[in-house]
Amino acid sequence: MLDDKWNSIFSRIAAGPQGDGILNGMSFVAKDVFGIAGYTNGAGNPDWLKTSRPSERHSEAVRRLLAAGAGLEGTTHTDELMFSLNGENYHYGTPVNPKTPDRIPGGSSSGSAVAVAAGLADFAIGTDTAGSVRVPSSYCGIYGMRPTHGAVSLEGVIPLAPGFDTAGWMARDAETLLKVGSALLPAAEQPTSRLGGFGFNHILIGDDAWSLARPEVRQALLPTLNLIRETTIRQTELMVAPEGLPSWMAVFRTIQGYEIWREHGRWIEETRPGFGPDIAERFAWAATVREEDFLKQLELRRHIREYMSGLLGRDGLLVIPTTPGEAPLLRSSGSELEERRVRTMRLNCIAGLAGLPQLTMPAATLNGCPLGLSVISGPHQDLRLLAWAKQFALSAAVQ
């Protein structure tokens, strides 16, 4: 039975392996939004739990993991309806960050990240819309993967904003992250076994993204960045967003808000659920996003996707900080958390808008707190990116 001293587990619903494969003998937990046969998801809100019905079958992601030999150990806490990056839940409490218990774990896949960091499971799955796998992975000092948008099936998963929703995963090491990706992702265009060296020939450093991190954070991440530079002979420093990352975030936020209300507005109006104050304010804002603004931003997103796909191609790897800094302290003021949320979303909207895979790895510590560094590749280069991370981790360990 899983130890719940970290407050990461919502339910101890279990399912044994249903096949034989690359994940034999491994255990995992799932964010409480992935459908499990006979189980009712709570999505971080008691009213959602009361008004929902049990799933008739496993979600596709859970089914693939069980078929690959892994065993499900339980479901994990999430921020209410996945609409936060903090990991603090008004109803169920905050999962305890095992690396820095006086700081938030990050969300909304908070319970999944905490369970992995605490060693309760070999890996975990979560959803990532605006950073909900990447941020808690960084704060909890583990590896996290947001795949190419649409690459991993979301069948049987509660949505937030379908234009950005992805099913991601977390692990304590890069090899496990790759194994899980091999089970979840379709066959890569170029099998990882044929890759030579590190697999990517061009490293891009996003200066505008790095400027969002505090100077001491950039300094702490520099040694790992320098090791990444050594994996290729071609390097470019550039501004990622020609229009500015604040403009990109505005595009992301408008599309996300409209889609969120389109998905959940009717349920909210009919049920009138009890939300925590911050979550209630966000849903209230989402209700105000106009369709004409949504449609306008969709066109801007199309241009951003084309631009980023051309920039990275098959051989480019963009390197940025995962978050602007270490996890905020528990009970930080609302203004402090909102300021952090804005800067974090400016970083995370890059891959979100472009629909690109992003992998975060534990890269440094600052004042005893983990810091994550992210690498973003072109679309559908997911397995190449995962193989790169495994090779880089081995090389970095040797050095």
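The set of residues in region 67-78 that are of a type in the set (Gly, Ala, Ser) and in a loop (DSSP other than H, G, I, E, B) comprises 68, 69, 70.
Which residues, taken from region 232-266, are under 21 Å from residue 202 (Cβ atoms) and surrounded by 19 or more Cβ atoms within 10 Å (Cβ to Cβ)?
Filtering region 232-266 down to residues under 21 Å from residue 202 (Cβ atoms) leaves 232-242.
Matches in region 232-266: 240, 241.
Checking 37, 70, 30 one by one, the residue that is closer than 19 Å to residue 153 by Cα, among the small types (Gly, Ala, Ser) and surrounded by fewer than 19 Cβ atoms within 10 Å (Cβ to Cβ) is 37 and no other.
A search for C-beta distances below 7 Å between a residue of region 209-231 that is over 19 Å from residue 350 (Cα atoms) and any residue that is open to solvent by 60 Å² or more (accessible area, probe 1.4 Å), counting only pairs 6+ apart in sequence or on different chains, returns 227/399; 229/235.
Taking residue 78 as the residue in question, decide whether it is open to solvent by less than 10 Å² (accessible area, probe 1.4 Å) and polar (S, T, N, Q). Criteria met by residue 78. For region 164-182, the candidate set comprises residues that are under 15 Å from the mean Cα position of the chain (by Cα) and hydrophobic (A, V, I, L, M, F, W, C); within that set, the residue that is farthest from residue 152 (Cα to Cα) is 171.
For region 79-96, the criterion of being under 25 Å from residue 394 (Cβ atoms), outside any strand (DSSP E or B) and in contact (Cβ under 8 Å) with a residue 12 or more places away in the chain is met by no residue. Among the residues of region 291-336, those that are basic (Lys, Arg), surrounded by fewer than 20 Cβ atoms within 10 Å (Cβ to Cβ) and either out of contact with any Ser or Thr (no Cβ under 9 Å at 6 or more places or on another chain) or in a helix (DSSP H, G or I) (or both) comprise 296, 302, 305, 331. The C-beta contact set for region 298-320 (first residue more than 16 Å from residue 148 (Cβ to Cβ) and of a type in the set (Gly, Ala, Ser), second residue open to solvent by less than 40 Å² (accessible area, probe 1.4 Å) and modelled with pLDDT of 95 or more, distance under 7 angstrom, 6+ apart or interchain) is empty. Scanning region 259-289 for residues that are without any contact (Cβ under 8 Å) to a residue 60 or more places away in the chain and either among the β-branched types (Val, Ile, Thr) or under 19 Å from residue 353 (Cα atoms) (or both) turns up 261, 262, 268, 286, 288, 289.
The values are calculated or read from the model by the stated rules, or taken from the named source; none is laboratory data. Values in this document were obtained by computation on a predicted structure and should not be read as measured data. Cβ sites come from the backbone with ideal geometry, for glycine too, and all protein chains shown count toward neighbours. The area values use the complete protein model at the heavy-atom level, side chains included, leaving out ligands, DNA and RNA. Shrake-Rupley method; radii C 1.70, N 1.55, O 1.52, S 1.80 Å.
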